Amino acid sequence: MSRNHVLFVGFALPGSLAPFWELAKKISKHHDVTFAVSAACVEELRGRGLPSDHDDGKSSNPRLALYGLEDKWDPSDMPGQLAMSPNRTASGDSVTAPSMQMTKRMEAVREAVEKLMRGISTKTLPAIGEPSLKRAVDVAIVDFFMLRGSISICEEQGIPFYIFSSSNALVPLQATLVDENTPTRPGDQFEAVVRGDFDQIPNANGEFEPLLIKGRVDNLLLPMRQAFMGSRGVILNSVREFEKEHVEWMERSPIFKERPLFCVAPLMPHEGEKKDDSKLKIQGWLDRKKRGSVVYVAFGSLVTLRPEQLTELGKAIENLGRPYIWSLLPNQYPHLPKSVQESVDNWDGDGLVLSWVPQKLILAHDSVGVFVSHSGLNSTVESLAAGKPMVCCPVSYDHLVTAQSAVQHGVGVLIGPQGFKKDAALIPAKDIEGTVRKVQEECRQKASEWRKKLTHAWDVSGTTAKEFNELATSISNI
């Protein structure tokens with residue numbers, strides 16, 4: 001298998017960046033990789049671990065090199081946090097300012113990506129602009145959030161490319177179902193994001209009710225569809241069996257009769273990753289708890305709940321009378337019941353609230369019995385890999401369809417008809433408490449079965465390993 005030079009173009013949001021980085025590390029075992037992402041994220045990625053022969057600034061042919069995009073991205077104030085601010089309402093006035101701010105930031109990212117791409121040379125063509133990389137690029141893998149600024153230049157320079165989707169299969173499925181004649185309703189690209197709407201699931205005829213927002217179709221789905229049609233293949237951060245219906249629906253599209261679809265999840269750090277002092281301290285706290293007794297609560301790095309819903313959740317966790325560990329942004333602490341607030345950074349009690357936790361370590365620990373989650377795709381896959389049943393509390397984006405998949409496979413229970421969506425009915429503490437108890441009783445066996453499936457997914461004969469090897473070979477054949 002010949003080693004090509006692969007350019008990864010990544011997006012600086014945790015839910016996208018984490019699996020994309022793990023994919024790059026795996027690809028670097030077969031090909032040489034340059035990973036381009038916001039300069040603000042470079043040091044964080046170095047801390048997540050690099051292969052032993054990574055770029056040290058001296059090698060002209062590293063396995064895995066990092067390239068910082070000068071996009072002025074501030075990871076402490078990301079679009080998702082703007083979108084999920086608990087003070088936003090569904091009124092038109094409330095969505096305009098943050099939506100415009102997101103658009104402005106994405107434009108800055110696009111400009112930085114364009115500058116990088118124009119500085120790329122190939123084996124047959126020089127760079128269009130000032131050179132940005134020393135070595136010619138053979139192939140690009142582009143996060144679907146970064147299509148603008150990347151794909152047109154790939155096509156202009158004749159660079160073969162693949163598209164990576166960090167979301168579940170619903171968003172790329174939407175892209176295969178739309179065209180220029182798809183009926184839409186008014187609205188800009190980020191309006192639904194700011195309001196906290198769920199991504200819409202098509203009916204059996206591939207139609208959307210209510211109609212998709214025009215800005216989303218024009219600025220995300222149609223460009224994604226066009227990129228699919230020009231690509232060498234599409235890579236999903238997905239477990240094929242978990243999203244079987246939507247993956248197979250995509251593969252029936254004429255688009256995928258001419259190019260492959262690769263499902264390569266789970267994409268998680270290797271078991272041997274180094275544990276720093278904070279991780280060791282958390283592991284020690286968990287070691288002191290009984291097997292299956294701990295309730296783990298986390299809603300990802302971007303999601304915040306309505307204050308009143310957060311209070312009810314806190315009451316439920318308190319009423320369970322079980323040990324708990326809760327990952328929560330500090331600006332949410334005031335909405336917790338007083339007794340739960342006392343658990344903030346309190347390592348001596350049965351409750352522990354922290355601003356950040358190593359989720360994979362926690363889920364893998366035997367003391368953890370159930371996961372109360374927003375049903376983000378990465379969190380769901382990590383929970384499946386650890387064999388932990390889930391209380392599914394979707395909030396927005398693609399959370400609902402992921403929660404529905406968890407329910408379908410018997411590994412989780414959906415709380416209320418729409419989870420913790422901002423405009424849904426408030427879920428009282430007693431209902432949350434009852435659901436936690438129900439999940440651990442009814443979903444434990446199925447969760448254990450999924451752990452076995454994902455444990456073997458990357459084995460030599462595993463389904464994920466097979467699709468990944470097909471991807472690596474496809475890149476070699478370019």
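Numbers at a glance
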item: Folded to 0 to 90 degrees: helix 14-27 orientation relative to the chain principal axis, Cα; result: 50
item: Selected from Gly416, His246, Ser28, residue furthest toward positive end of dipole (the chain; charges at beta carbon); result: Ser28
item: In nm, spacing of pseudo-spin labels at Glu180 and Lys123 (7 Å Cα→C-beta vector); result: 3.6
item: Restricting region 273-317 to trypsin sites (Lys or Arg not before Pro) in coil, as DSSP defines it, with at most 13 other Cβ within 10 Å; result: Lys274, Lys275, Arg288, Lys290, Arg291
item: Theoretical ellipticity at 222 nm over the chain - DSSP helices of four or more residues, -39500 (n - 2.57) apiece, nearest 500; result: -11500 deg cm²/dmol
item: Under 13 Å, Cβ to Cβ, from Gly215 - net charge with Lys/Arg +1 and Asp/Glu -1; result: 0
item: Amide H contacts of Tyr67 (H built 1.01 Å from N, under 5 Å, at least 5 apart or other chain); result: Phe35, Ala36, Val37
item: Selection from Leu329, Met390, Ile317, by position along the positive dipole direction of region 277-455 (Cβ); result: Met390
item: Debye, to nearest 20: dipole size of the chain, +1 on Lys, Arg Cβ, -1 on Asp, Glu Cβ; result: 880
item: Mean Cβ count within 10 Å, highest first, over the residues of peptides 392-400, 214-222; result: 392-400, 214-222
item: Paired Rg and Dmax values of region 392-462, which use every Cα atom, in angstrom; result: 14.4, 47
item: Kirkwood-type radius of the chain, with distances r between different C-alpha atoms, in Å; result: 23.1
item: Additional length obtainable on full extension of the chain from Asn477 to Lys134, 0.36 nm per residue less Cα span; result: 121.2 nm
item: Net charge over other residues, Cβ less than 11 angstrom from the Cβ of Leu377 (K, R count +1; D, E count -1); result: -3
item: Whole-percent pair-distance distribution, where bins are 5 Å wide, for the alpha carbons of region 277-455; result: 1, 9, 19, 23, 23, 16, 7, 2, 0
item: Amide H contacts under 5 Å for Tyr324, placed H, 5+ residues apart; result: Val295, Gly351, Leu352
item: Net charge of neighbours whose Cβ lies under 15 Å from the Cβ of Lys338, counting Lys and Arg as +1 and Asp and Glu as -1; result: -2
item: Estimated inter-spin distance, Lys281 and Glu442, nm [label 7 Å along Cα→Cβ]; result: 3.9
item: Segment Glu241-Glu155, length gained on full extension (0.36 nm per residue, minus Cα span); result: 27.6 nm
item: Computed lengthening from Ser339 to Ala425, 0.36 nm per intervening residue step minus Cα-Cα distance; result: 28.4 nm
item: Rounded tilt (10° steps) of 307-320 against the dominant C-alpha axis of the chain; result: 60
item: Residues Leu211, Leu328 arranged by fewest to most Cβ contacts within 10 Å; result: Leu211, Leu328
item: Trp347 paired with Gln408, simple spin-label distance in nm, labels 7 Å along Cα-to-beta-carbon; result: 4.4
item: Rounded to whole Hz, the Karplus (6.51, -1.76, 1.60) HN-Hα couplings of region 447-463, x for glycine and proline; result: 4, 5, 5, 5, 4, 5, 4, 6, 4, 9, 4, 9, 5, 3, 9, x, 5
item: Vicinal HN-Hα couplings computed from phi for region 111-121 (Karplus, 6.51 cos²θ - 1.76 cosθ + 1.60; Hz; Gly/Pro x); result: 4, 5, 5, 4, 4, 4, 5, 6, x, 8, 9
item: Acute angle (nearest 10 degrees) that the helix 399-408 long axis makes with the longest principal axis of the chain, alpha-carbon atoms; result: 70
item: Nearest-0.05 FRET efficiency for Val42 and Ser355, computed from C-beta distance (R0 35 Å); result: 0.95
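Each reported figure results from applying straightforward, stated rules to the coordinates on display, with no laboratory input. Here the structure is a predicted model, which is why all the values come from computation and not from measurement. Please note: Cβ atoms are built from the backbone with ideal geometry, for glycine as well, and neighbour counts cover all protein chains shown.
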